Amino acid sequence: MSIERAKAVLDGARRILVFTGAGVSAESGVPTFRGGGGSAVWRGMDATELSSARMVGSDLKLVWEWFEYRRGLLASCGPNPAHQTIAEWADRFSDMTLVTQNVDGLHDKAGSRDVLELHGNIWRGRCLACGALERLDDTPLPEVPPSCSTCGGKHRPDVVLFGEFLPEDVFKRATAAAERAEVCIVVGTSALVFPAAELPLVAARNGASIIEVNPEPSGIGGPLSIMIEGRAGDVLPRL
Ligand code: NAD
Ligand code: ZN
């Protein structure tokens, strides 16, 4: 029933915002934050401490070793039907923006272009000396921390760490997309991590219908138009 309603809403729409969280990658074998990925302990240390701005300052090598561990787990994960469906939607809608909180790069791998990555990408480094961004696709890396091929400085992971702000330009473009969207479809996010979780609220305030796909209702609450209870990989292809 809710799938049919959502299909009808989507069929009449041109301007779409797709907003994804860890749940869209769950069926690819990537643990969600609250499903264990966020409470991980590695070498006796808390994941939130290892993934912190403070740790980049105090032990960059350790941060990279932790990220290499995570990159190693992700290397064997591929996009699932949810990522693939979203990639195809770029042709279905004349104005579609994809905003993700994920750092796993799976939207990229499924063929989505111009993904607005609110929390960065684990497959990219950012030079601490000159700011250059560099794709670092190979894992294990030949050295950690990796060196910048522009200036020889040290890279840090190009990921938003605990204690850091979202990249301002990316968030601005995501907010603009939320303001003009006719439909905002929220997939696999607990919608608890602000300011990212603000986007569906912005869209709703500007008159968009909000469709949520999640096995459990999330924190969006009020402005929700259609809730589709189910797994992203099952539901999205049917939309
Ligand atoms: P979250 O872990 O807080 O919430 C995940 C949500 O996905 C839950 O609401 C859960 O019910 C739902 N879910 C689980 N399986 C699903 C499925 N098969 N289909 C659809 N939904 C499903 O994740 P979040 O809201 O993205 O916030 C956590 C933060 O952790 C984010 O900032 C993100 O950057 C980070 N994170 C990223 C990854 C990744 O890159 N894949 C993984 C874990 C955490
Ligand atoms: Zn550099």
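So that you can scan it fast, the table gives a plain yes or no per residue for (1) of a type in the set (D, E, K, R); (2) part of a helix (DSSP H, G or I):
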{"residue": "4", "(1), (2)": "yes, yes"}
{"residue": "18", "(1), (2)": "no, no"}
{"residue": "55", "(1), (2)": "no, yes"}
{"residue": "87", "(1), (2)": "no, yes"}
{"residue": "91", "(1), (2)": "yes, yes"}
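Scanning segment 203-225 for residues that are out of contact with any Pro (no Cβ under 6 Å at 6 or more places or on another chain) and farther than 11 Å from residue 181 by Cα yields a count of 14. The single condition among (1) more than 14 Å from residue 21 (Cβ to Cβ); (2) hydroxyl-bearing (Ser, Thr, Tyr); (3) modelled with pLDDT under 95 that residue 209 does not satisfy is (3).
Residues in segment 124-135 that are assigned to a loop (DSSP other than H, G, I, E, B) and either within 24 Å of residue 196 (Cβ to Cβ) or away from ligand 2 (no atom under 14 Å from the Cβ) (or both): 131 alone.
Scanning segment 77-98 turns up at least one residue that is without any contact (Cβ under 8 Å) to a residue 60 or more places away in the chain, over 30 Å from residue 208 (Cβ atoms) and surrounded by fewer than 17 Cβ atoms within 10 Å (Cβ to Cβ).
Return the residue satisfying two criteria in turn: it lies in segment 146-202 and is within 16 Å of ligand 2 (Cβ to nearest atom) and in contact with a Pro (Cβ under 6 Å, 6 or more places away or on another chain), and of such residues it is farthest from residue 94 (Cα to Cα). Filtering first and then ranking leaves 154. Can you tell me which residue within segment 99-123, out of those that are under 14 Å from the mean Cα position of the chain (by Cα), more than 10 Å from ligand 1 (Cβ to nearest atom) and outside any helix (DSSP H, G or I), is surrounded by the most Cβ atoms within 10 Å (Cβ to Cβ)? Per the stated criteria, the residue is 99. Being surrounded by fewer than 23 Cβ atoms within 10 Å (Cβ to Cβ), within 16 Å of ligand 1 (Cβ to nearest atom) and of a type in the set (Gly, Ala, Ser) is the filter; apply it to segment 192-232 and report the residue that is nearest to the chain's Cα centre (by Cα). Selected residue: 196.
The values are calculated or read from the model by the stated rules, or taken from the named source; none is laboratory data. These numbers were taken from a predicted model, which means no experiment stands behind them. Cβ atoms come from the backbone with ideal geometry, glycine included; neighbour counts cover every protein chain shown.
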